[in-house]
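The values are calculated or read from the model by the stated rules, or taken from the named source; none is laboratory data. The structure presented is a predicted model; accordingly, all values stated were derived computationally and were not measured. Counting neighbours? That spans all protein chains shown, and the Cβs are built from the backbone with ideal geometry, glycine included. For accessibility, only protein heavy atoms count, side chains too; no ligands or nucleic acids. Shrake-Rupley method; radii C 1.70, N 1.55, O 1.52, S 1.80 Å.
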Amino acid sequence: MLTKEQIAQRISKEVKDRYYVNLGIGIPTLVANYIPENLSVEFQSENGILGMGPFPYEGEEDADLINAGKQTITSLPGASFFDSAFSFGMIRSQKVDLTILGAMEVSENGDIASWKIPGKMVKGMGGAMDLVASAQNIIVAMMHTNKAGESKVLKNCTLPLTGVKCVKKIVSDLAVMEVTDKGLKLLERAPGVSVEDIVKATEARLIVEGEIPEMQF
Amino acid sequence: MIDKRVKNAKEAIQGIQSGMTVMLGGFGLCGIPENCINEMAASNLTDLTCISNNAGVDDFGLGLLLQKHQIKKMIASYVGENAEFERQMLSGELDVELTPQGTLAEKCRAAQAGIPAFYTPTGYGTEVAEGKEVKDFNGKPHILEHAYEADFSIVKAWKGDYSGNLIFKGTARNFNLPMAGAAKITIAEVEELVQPGELDPNEIHIPGIMVQRIFQGENYEKRIERVTTRKKES
């Protein structure tokens, strides 16, 4: 089973040269730590920055410079600031190449639920609903099962949806899966995890064809 | 030059009445109009409808108004940092309209730009789309969203001049820009208020025509929600 850092590391391999990338809160934020230096990549944060840099050094925090997770950040040479309406304009018009976000549930046809547990927890959708409605390439980073051991990869989502048929890939602590026209396809397994383990932890129907390779880092 | 100066937050919020709809700029605690919020929290205003991306934290920002039950309805995209908010919402004391962040921003921008409504792909197939008109464009379904109609808009800028021209700093531009001029009356509080001519017209983010009242705020706390740093490599 992968750690959160390893999930982020595996996802970083999906980031290509000259990509503009939006990283969600949680595991997706860690992806920035694993981008090879020879790639030119710019990170967008939907609260209004392109060219987001690493966290500031102690004592150099700026209250007017945060990311969408409300953490203090820095800006890199070539960065730009803009307002929230403009920010979602560039998201809806598909200028952002890759969106990586977390989820509570994903279904085998690419539906995602991430913002509400009726009667229990309501944090709001933030920008996730806008991102999943328009982004071309959406990767979900999440744990394969919840704390009770129940699958979060489902035939149908049970929680209120964030978006429909939008997720392209799921990278969990157990596997890499792709949403295809025929259904959810198992692409890779985590080191030491068998196909059987993955199928057992997955409520969705999984398409398993041929040998399933172990993830490479 | 049309002089829009008012003395302070107390004078700036004159005319805001209980039951009105008020937009407030900021993202999290970044770029919130602290002076006006504090003044509203000290007032007897109640039954407000607030349009703001977030609802502050328990003891700062809009959280101050929530504590005193001054807000009847909250329109926001993300409210996860405020325990009192969640409690009031789940108990039904507070009416909440959760709106996707980009749609919230665009509903402000539409009001600012004189556009009554627009179609967006965001929220289609979710409960956000319930009861809304759906129309296909280029084979993709979109839902109809309406511009906000607010009585007051309160924004915070870095610099401003007497005529209401505004310049924002860093990611504090956020909702302050699309909310400026999006209500009947816009109040701007700024960290530095200067004479006309001191700001370079090339660098103005919001022209003064969008602002009716402006003042220089004081004692900005500029609280940071999540101070996150790295260690210097030795």
Study note, to complete from the structure: Distribution output for the stretch A:94-138: share of Cα-Cα pairs per 5 Å bin in percent, first bin at 0, values 5, 19, 30, 24, 14, 6, 2, 0
Practice item. For chain A, with a Gaussian network of springs between Cα atoms less than 10 Å apart, report the residue from A:Gly59, A:Gly126, A:Gly89 with the top mean-square fluctuation. Key: A:Gly59
Exercise for review: Pull up the DSSP beta bridges for chain B and report the antiparallel fraction as a percent, rounded to 5.
Suggested key: 30
Study note, to complete from the structure: Filtered hits (lysines, Cα-Cα < 16 Å from A:Lys185, offset >= 8 within chain) -> A:Lys152, A:Lys155, A:Lys165, A:Lys168, A:Lys169, A:Lys200
Review point. Accessible area per residue, 1.4 Å probe, Å², for the protein assembly as shown: what's the number?
Key: 43
**Study point:** Antiparallel %, DSSP beta bridges [both residues in the protein assembly as shown], to 5
**Key:** 40
Exercise for review: Name the residues of the stretch B:214-234, by number, that are at least 30 Å² less accessible with every protein chain in place than in the isolated chain; the surface is that of heavy atoms, probe 1.4 Å, without ligands or nucleic acids.
Suggested key: B:Lys222, B:Ile224, B:Arg226, B:Thr228, B:Thr229, B:Arg230, B:Lys231, B:Lys232
**Study point:** In the B-A interface, the accessible area buried, summed over both sides, Å² (probe 1.4 Å)
**Key:** 4300
Check your understanding: Roughly how many whole Å is it from the C-alpha centroid of the stretch A:1-61 to that of the stretch B:7-45?
Key -> 36
Point to revise | Of all accessible heavy-atom area on the protein assembly as shown, the percent that carbon and sulfur account for (1.4 Å) | key: 47
Revision key, fill the gap. For the stretch A:26-63 the residues that are at least 50 Å² less accessible with all protein chains than alone, 1.4 Å probe, are A:Asn47, A:Phe55, A:Tyr57, A:Glu58, A:Ala63
Study note, to complete from the structure: Note: chain B at 37 °C, 0.692 mPa s; Kirkwood Rh on alpha carbon pairs; Stokes-Einstein D in µm²/s works out to 179
**Study point:** 5 Å binning of all Cα-Cα separations within the stretch A:140-217, expressed as whole percents from 0 upward
**Key:** 3, 15, 29, 28, 16, 7, 2, 0
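Computed from the mean reciprocal separation of all distinct C-alpha pairs, what Kirkwood hydrodynamic radius does the protein assembly as shown have, in Å?
With all distinct Cα pairs of the protein assembly as shown included, I get 22.8 Å.
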Revision key, fill the gap. Dipole check, the stretch A:66-181, charges on Cβ (K,R +1; D,E -1), about Cα centroid: among A:Met142, A:Val167, A:Ser114 the Cα furthest to the positive pole belongs to A:Ser114
